[in-house]
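Read through the structure below, which is laid out as structure tokens, and then see the notes.
The values are calculated or read from the model by the stated rules, or taken from the named source; none is laboratory data. Note that this is a predicted model, so its numbers are computed, not measured. With ideal geometry, Cβ positions are generated from the backbone for all residues, glycine too; neighbour counts draw on all protein chains shown. For accessibility, only protein heavy atoms count, side chains too; no ligands or nucleic acids. Shrake-Rupley method; radii C 1.70, N 1.55, O 1.52, S 1.80 Å.
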Amino acid sequence: MADNLWEHRDQYAKLITTEMGKPIKESHSEIEKCILLCEFYAKNAEDLLADELIETEAQESFISYDPLGVILGVMPWNYPFWQAFRFALPTLTAGNTAILKHASNVTGCALVIQDIFEEAGYPKGCFTTVLANHDTIENLIKNDIIKAVSLTGSEAAGRKIAEIAGSQLKKLVLELGGNNACVVLNDADLDKHLDTMVNARMQNAGQSCIAAKRFIVESGIYDDFIEKFTAKIKTIKHGDPLLDTTQISTLAKADFADTLEDQINRSIEKGAKVHFGNHRNGAYYQPTIITEVTADMPVFKEETFGPVAAVIKVDNQEAAYEMVSDTSFGLGTMIFTENIKDAKKNIIHIEDGAFFINEMVKSDPRLPFGGTKNSGYGRELSKEGLLAFTNKKTVYIK
């Protein structure tokens, strides 16, 4: 499968960009990440799935990891290849089969992904794409053939799917929205990490659950941060997403720009200031910086799915860390500081599923991925994701 993805990477990248609009360079990166996922499980699956021997009074006792059966994946449009592969590859590797219900605006990707699995040698039926509406999904979840569900999507979708799956006592992994904080402390090296901070917000036109959405900046570095952050944002090149020079394109739908514009306008009514940007043209939304943001504003409280950075000035480090958890979401936090030792002491105080120091929050095949609170539960990727849809069976031989 990795070979197939590499051989046809240009074709698949163009399909992603044509369907949902991200710059072609980012689409290529998405395909390359899928290749890394394939290589990780090809190399490590046998060891990760091996029986785990447990020493007891028995002659032999161990944990066996058995597949559950047919797993339903309901996946979003913003990373149409990566999200589908992140669900399907470990699920199948553990011995299950998978049914994919993808977002309706990336149907071409969904159908091609099924072809990729079959061309790689997976038996027909191991991975199946279905084109279905919400009522059909509800019926699928209730069907006895479906043993578990994985959803990546909005909080509202997660609550609905959880209600249906819960009524059937079926296992569920939920990867929902995020409102990630990017904390910039006084000792942060802006020259070294500024590109990372900008990318953390503007990648995929900000349409990412793990994007940095709230920039919590300590007062001693605030002016310097605003100056350099703004200068960098101004250089982002908008244009045809099929051109390699394009860095940001439109949002996937004009409706998403409507929502973002409304969140910003409601925040302005509460006293927020537009420091830069805030112009739109249809589905395109200009990269935007909002300052004088307070915790009661929509750009702070809600998930903003687009290229807008909400900047909050705080007096000290203690206030910064306290503000990180002032959200109903719990996907990831990023801290920029030169005092790594001190940052590590605060890991336990942040409730999120990820804590990144001097790096943007991102998913990695080698590490578990998932959130807490309204960002969902369960983990994908790594050993945890591989075992997510298995029966951890105790075996005891006297």
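Points to keep in mind about this one:
- For the chain, the membrane-span-like helices by this rule, meaning whole DSSP H stretches whose C-alpha atoms cover at least 27 Å of axis and whose Kyte-Doolittle mean is -1.0 or above, are 24-48; this says nothing about an actual membrane.
- Across 160/392; 373/393; 270/313; 213/301; 213/344, pairs whose alpha-carbon gap is larger than 18 Å: 160/392; 373/393; 213/344
- Between region 103-148 and region 159-192, the alpha-carbon center distance in angstrom: 24
- For region 53-138, the set of trypsin sites (Lys or Arg not before Pro) satisfying both a DSSP loop assignment and a count of at most 11 other C-beta atoms within 10 Å is given as 124.
- Here the spin labels are modelled as points 7 Å beyond Cα on the Cα-Cβ line, and at residue 39 and residue 340 they lie 2.4 nm apart.
- Full-stretch length increase - residue 192, residue 279 - with 0.36 nm per residue and alpha-carbon distance subtracted: 28.4 nm
- Spacing of the modelled spin labels on residue 199 and residue 294, each 7 Å from Cα toward Cβ, amounts to 3.6 nm.
- Set of aspartates and glutamates near residue 232 by C-alpha distance (under 17 Å), chain-local residues within fewer than 8 positions excluded: 189, 191, 195, 223, 224
- Rounded, prolate or oblate (a/c below 1.5 giving rounded, otherwise prolate when a/b exceeds b/c) for region 139-236 by Cα gyration tensor: prolate
- Gyration tensor (alpha-carbon) shape descriptor, region 337-383, a/c threshold 1.5: oblate
- Rolling a 1.4 Å probe over the heavy atoms of the protein chains gives the chain an accessible area of 44 Å² per residue.
- Across the alpha-carbon set of region 284-398, the Rg to Rh ratio works out to 1.08, Rh being the Kirkwood radius.
- If R0 is 51 Å, the Cβ-Cβ spacing of residue 265 and residue 126 corresponds to a FRET efficiency of close to 0.60.
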